Amino acid sequence: MLILGRCCNSAMFNIPLKRRKRENAYPSGFPLPECLFPDVCVFLVERRMGSGRRNFLTALAQRKGFRVVSEYSDRVTHVVSEQNSSSDVMAWIERLTGQPVLSRETKDGPHLLDICWFTESMSSGKPVVVEPRHCLGVVQPLATPEKVLRTQMPSYTCQRRTPLNHHNSTLTDALEILARAAFFQSSEVRYLGFTRAVSTLKSLPFKLQSAEEAKDLPWCGGHCKTVIQEILEGGVCREVETIKSNEQYQAMQLLTGIYGVGVRTAERWYQEGIRNLNDLKNTESKLTVEQRTGLQYYKDLQQPVTREEAERVEQLVKDALLRFSPDVQITMTGGFRRGKLEGHDVDFLITHTNESALTGLLENAINWLKSKGLILYYHMKKRKHTSHAVSSLMDGHETYYTICALPSSSSQNTDLEVKPHNFVAAEQMACLKSQISKGWRAVRVDLVVTPHAEYPYALLGWTGSKHFERELRRFSLHEKKMSLNSHGLYDTEKRCYLPAHSEEEIFKHLGLTYISPSDRNA
Ligand code: UTP
Ligand code: MN
């Protein structure tokens with residue numbers, strides 16, 4: 001449709017694309033082109049209009065003999081904008097030129113006009129007389145829906161929807177780097193500040209146009225606002241670029257990417273001079289079994305698990321569990337339940353209406369998988385949960401953290417041959433080929449066992465995202481005086497647990513609108 005539209009316009013006006021571009025890029029310091037209305041000089045505000053529509057309107061006006069300039073200067077008599085208030089337009093031009101816009105009331109400033117003046121002028125074939133209804137006016141117009149969304153965005157992530165795909169990834173990618181750097185420095189306050197700003201921007205149902213707009217958004221002021229402003233105006237943020245090229249940041253990123261390595265270990269290794277995996281291999285004696293395994297399968301574990309692979313893992317897990325207990329209930333949780341197409345692992349929640357059926361079940365299943373050579377590593381965390389929920393941080397389901405050997409699917413071989421140019425980086429392609437030649441790949445799989453009565457809480461807790469969970473617990477405690485974890489919800493004032501049969505019921509207990517898993521990608 002778009003392409004068709006462009007062809008039509010081009011044909012209708014019969015102007016070669018190149019010429020239109022040159023006219024639109026007409027610089028302000030040069031004499032202006034011949035025109036039919038020498039007293040009128042139009043400047044179209046690109047903000048909200050977009051460059052495509054601005055180019056189209058420029059060409060249209062120029063064909064009708066209007067002078068339209070691409071850069072703002074004192075010669076401009078008519079500023080035309082779409083869906084902006086006068087203060088928005090003035091602030092935007094001021095940022096663009098570094099100069100304030102002269103006011104029309106006290107000085108000989110330009111008219112600040114709505115697009116309706118432009119369209120009426122185009123259909124009249126001449127500039128129409130400016131009437132009050134054409135003017136943006138000095139008072140703020142009624143709030144636009146975007147403004148309403150900005151100013152009314154709830155502060156807690158669990159009070160709003162955060163879909164998987166959003167509109168502000170340039171900003172969130174940059175802020176996530178700052179969050180990670182703060183995390184590596186164990187600066188929790190800064191880490192949380194950046195993470196909350198990221199989550200706000202992911203919830204925004206439109207692309208943020210200016211840092212000014214960010215001021216209404218929760219957690220997007222101060223340092224974050226500066227980052228947002230730098231990126232929106234110049235495309236990059238210097239602080240982020242510096243971090244990305246910082247040796248310690250790069251080493252921390254690499255080392256914490258190893259299974260079983262946390263920030264403290266990585267930090268210690270860095271201080272000892274370890275910068276990469278080779279340095280680490282020479283000091284292997286210092287590693288725990290978990291870390292040695294992480295290093296051994298590093299490449300496989302770095303490669304994202306696809307949904308198709310996750311489904312094959314699910315089949316394996318089901319095969320193993322169902323042979324010991326036919327009525328066991330198995331649910332894939334984590335990022336895949338939120339609709340992600342890739343993950344760093346696959347998470348499963350296992351329950352049974354008859355609690356005794358769960359005793360020893362996972363152990364049997366793991367042993368069976370081991371006997372088939374499908375378990376490369378595992379460690380188990382025993383159930384550790386006291387009857388009174390006093391801490392929302394204490395989650396103690398019986399959990400098996402495993403690394404499985406997932407056999408390659410029969411279609412994988414042909415996939416690679418059919419799609420040799422599918423934009424997979426060379427290293428990733430080499431990793432895929434090695435997996436195919438060995439016939440399997442290593443995949444992290446977390447298996448969590450929960451008593452049936454706690455299942456909805458465990459499901460909510462293991463669906464994530466991590467930040468969504470953190471916010472849900474903060475909201476419960478601060479706003480409702482309730483302690484939430486993946487075992488239950490405890491009302492600290494009434495001193496009782498609130499049982500639930502579904503996730504919906506838990507949201508209801510907390511007085512929150514239900515948020516479906518696909519909208520929990522905070
Ligand atoms: P993950 O770390 O697996 O994250 O934890 P994810 O969202 O699935 O991301 P990818 O796709 O794997 O990269 C999933 C959820 O399980 C909880 C976390 O809080 C998160 O919400 N979790 C994880 C625990 O409660 N305990 C754990 O030991 C691990
Ligand atoms: Mn996961």
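The values are calculated or read from the model by the stated rules, or taken from the named source; none is laboratory data. Model, not experiment: these values are computed from the prediction. Glycine gets a Cβ as well: all are built from the backbone with ideal geometry, and neighbour counts include every protein chain shown.
Could you pull out the residue among V317, V289 that is over 31 Å from the mean Cα position of the chain (by Cα), farther than 17 Å from R180 by Cα and of a type in the set (V, I, T)?
Values: V317 fails: over 31 Å from the mean Cα position of the chain (by Cα).
The match here is V289.
Quick one: is S285 modelled with pLDDT under 95, out of contact with any Ser or Thr (no Cβ under 8 Å at 6 or more places or on another chain), small (G, A, S) and over 30 Å from R160 (Cβ atoms)? First the steps, then the outcome.
On the way: modelled with pLDDT under 95: yes; out of contact with any Ser or Thr (no Cβ under 8 Å at 6 or more places or on another chain): yes; small (G, A, S): yes; over 30 Å from R160 (Cβ atoms): yes.
Considered against the rule, which asks whether it is modelled with pLDDT under 95, out of contact with any Ser or Thr (no Cβ under 8 Å at 6 or more places or on another chain), small (G, A, S) and over 30 Å from R160 (Cβ atoms), S285 comes out as yes.
Among the residues in region 470-490, are any closer than 30 Å to N367 by Cα and more than 26 Å from the chain's Cα centre (by Cα)?
Yes, because at least one residue in region 470-490 is closer than 30 Å to N367 by Cα and more than 26 Å from the chain's Cα centre (by Cα).
When only residues in region 251-281 that are at pLDDT 95 or above and of a type in the set (G, A, S) count, which is nearest to A181 (Cα to Cα)?
Restricting to residues being at pLDDT 95 or above and of a type in the set (G, A, S), the top hit is A251.
Within region 35-57, how many residues are in a loop (DSSP other than H, G, I, E, B) and aromatic (F, W, Y)? Quick ask: steps written out before the conclusion?
Taking region 35-57 first, the residues in a loop (DSSP other than H, G, I, E, B) are 35-40, 45-50.
Filter again for aromatic (F, W, Y), leaving 37.
Total satisfying the criteria: 1.
Of everything in region 366-389 that's over 20 Å from Y455 (Cα atoms) and either in contact (Cβ under 8 Å) with a residue 40 or more places away in the chain or of a type in the set (A, V, I, L, M) (or both), which residue is farthest from ligand 2 (Cβ to nearest atom)? Full working, then the answer.
Let us first name the residues in region 366-389 that are over 20 Å from Y455 (Cα atoms), namely 366-379.
Still in the running and either in contact (Cβ under 8 Å) with a residue 40 or more places away in the chain or of a type in the set (A, V, I, L, M) (or both): 366, 368-369, 374-377, 379.
On the way: I366: 19, W368: 23, L369: 19, L374: 19, I375: 18, L376: 18, Y377: 17, H379: 17 Å.
By that ranking, first place goes to W368.
Kindly provide the set of residues from region 141-169 that are assigned to a helix (DSSP H, G or I), buried (at least 16 other Cβ atoms within 10 Å of the Cβ) and at pLDDT 95 or above, ordered by number.
Passing the criteria: T157, C158, Q159.
Can you pull out every residue in region 253-278 that is outside any loop (DSSP other than H, G, I, E, B) and hydroxyl-bearing (S, T, Y)?
Within region 253-278, the first condition is being outside any loop (DSSP other than H, G, I, E, B), and the residues that meet it are 253-256, 263-271, 277-278.
Within region 253-278, T256, T265, Y270 meet the criteria.
Against the definition (more than 14 Å from ligand 2 (Cβ to nearest atom) and among the β-branched types (V, I, T)), how does T283 come out, yes or no?
Numbers: more than 14 Å from ligand 2 (Cβ to nearest atom): yes; among the β-branched types (V, I, T): yes.
Yes, satisfied.
If you check V80 against the conditions, is it among the aliphatic types (A, V, I, L, M) and without any contact (Cβ under 8 Å) to a residue 40 or more places away in the chain? Give the derivation first.
Values: among the aliphatic types (A, V, I, L, M): yes; without any contact (Cβ under 8 Å) to a residue 40 or more places away in the chain: yes.
The answer is yes for V80.
Quickly run through region 465-522 and pick out the residues that are assigned to a loop (DSSP other than H, G, I, E, B) and under 29 Å from L201 (Cβ atoms).
The first filter runs over region 465-522 and keeps only residues assigned to a loop (DSSP other than H, G, I, E, B), leaving 465, 481, 485-488, 492-495, 498-502, 510-516, 521-522.
S465, N485, S486, L510, G511, L512, T513, Y514, I515, S516, N521, A522 - these are the residues of region 465-522 that are assigned to a loop (DSSP other than H, G, I, E, B) and under 29 Å from L201 (Cβ atoms).
Within the bounds of region 275-291, is there any residue that is buried (at least 18 other Cβ atoms within 10 Å of the Cβ), within 16 Å of ligand 1 (Cβ to nearest atom) and of a type outside the set (A, V, I, L, M, F, W, C)?
No, region 275-291 contains no residue that is buried (at least 18 other Cβ atoms within 10 Å of the Cβ), within 16 Å of ligand 1 (Cβ to nearest atom) and of a type outside the set (A, V, I, L, M, F, W, C).
Taking the options L510, L459, L498, L477, name whichever one is crowded, with 20+ Cβ neighbours inside 10 Å and at pLDDT 95 or above. Give the steps one after another, and end with the answer.
Numbers: L510 fails: crowded, with 20+ Cβ neighbours inside 10 Å; L498 fails: crowded, with 20+ Cβ neighbours inside 10 Å; L477 fails: crowded, with 20+ Cβ neighbours inside 10 Å.
After ruling out the rest, the residue left standing is L459.
Identify the residue in region 292-309 that is crowded, with 20+ Cβ neighbours inside 10 Å and among the aliphatic types (A, V, I, L, M) and, among all such residues, is farthest from ligand 2 (Cβ to nearest atom).
Among them, the one singled out is L301.
Would you list the strands (runs of 3 or more DSSP E) that sit entirely within region 303-401 and hold 1 or more residues that are away from ligand 1 (no atom under 15 Å from the Cβ) and out of contact with any Asp or Glu (no Cβ under 9 Å at 6 or more places or on another chain)?
Once the strands (runs of 3 or more DSSP E) in region 303-401 are filtered for at least 1 residues that are away from ligand 1 (no atom under 15 Å from the Cβ) and out of contact with any Asp or Glu (no Cβ under 9 Å at 6 or more places or on another chain), what remains is 329-332, 375-381.
Could you please let me know if K480 is within 18 Å of T162 (Cβ to Cβ) and not hydroxyl-bearing (S, T, Y)? So that I can check it myself, show each step before the final result.
Working: within 18 Å of T162 (Cβ to Cβ): no; not hydroxyl-bearing (S, T, Y): yes.
In short, no.
Can you name every residue in region 217-271 that is touching a Lys or Arg at 6+ places or on another chain (Cβ under 9 Å), surrounded by fewer than 17 Cβ atoms within 10 Å (Cβ to Cβ) and acidic (D, E)?
Correct list: E233, E247.
How about region 58-79: which of its residues are aliphatic (A, V, I, L, M), assigned to a helix (DSSP H, G or I) and crowded, with 20+ Cβ neighbours inside 10 Å? Please lay out each step first, then the result.
Taking region 58-79 as the starting set, the residues that turn out to be aliphatic (A, V, I, L, M) are 59-61, 68-69, 76, 79.
Subsequent filtering for residues that are assigned to a helix (DSSP H, G or I) retains 59-61.
Within region 58-79, A59, A61 qualify.
Out of all the residues in region 184-206, is one or more surrounded by fewer than 17 Cβ atoms within 10 Å (Cβ to Cβ) and modelled with pLDDT under 95? Show your work before the answer.
Residues of region 184-206 surrounded by fewer than 17 Cβ atoms within 10 Å (Cβ to Cβ): 185-190, 205-206.
Going one step further and asking which of them are modelled with pLDDT under 95, we end up with 205-206.
Yes.
Would you pick out the residues in region 436-464 that are more than 10 Å from ligand 1 (Cβ to nearest atom), assigned to a helix (DSSP H, G or I) and in contact with an Asp or Glu (Cβ under 7 Å, 6 or more places away or on another chain)?
Of everything in region 436-464, those that are more than 10 Å from ligand 1 (Cβ to nearest atom), assigned to a helix (DSSP H, G or I) and in contact with an Asp or Glu (Cβ under 7 Å, 6 or more places away or on another chain) turn out to be H452, P456, L459.
Taking into account only those residues within region 334-383 that are under 15 Å from A458 (Cβ atoms) and hydrophobic (A, V, I, L, M, F, W, C), which is surrounded by the fewest Cβ atoms within 10 Å (Cβ to Cβ)? Write out each step before concluding.
Within region 334-383, the subset under 15 Å from A458 (Cβ atoms) is 334, 337, 347-353, 355, 358, 362, 381, 383.
Filter once more, so that each one left must be hydrophobic (A, V, I, L, M, F, W, C): 348-350, 358, 362.
On the way: F348: 23, L349: 24, I350: 24, L358: 19, L362: 22.
Of everything passing the filter in region 334-383, L358 is surrounded by the fewest Cβ atoms within 10 Å (Cβ to Cβ).
When only residues in region 310-350 that are in contact with a strand residue (DSSP E or B) (Cβ under 7 Å, 6 or more places away or on another chain) and among the aromatic types (F, W, Y) count, which is farthest from ligand 2 (Cβ to nearest atom)?
F348
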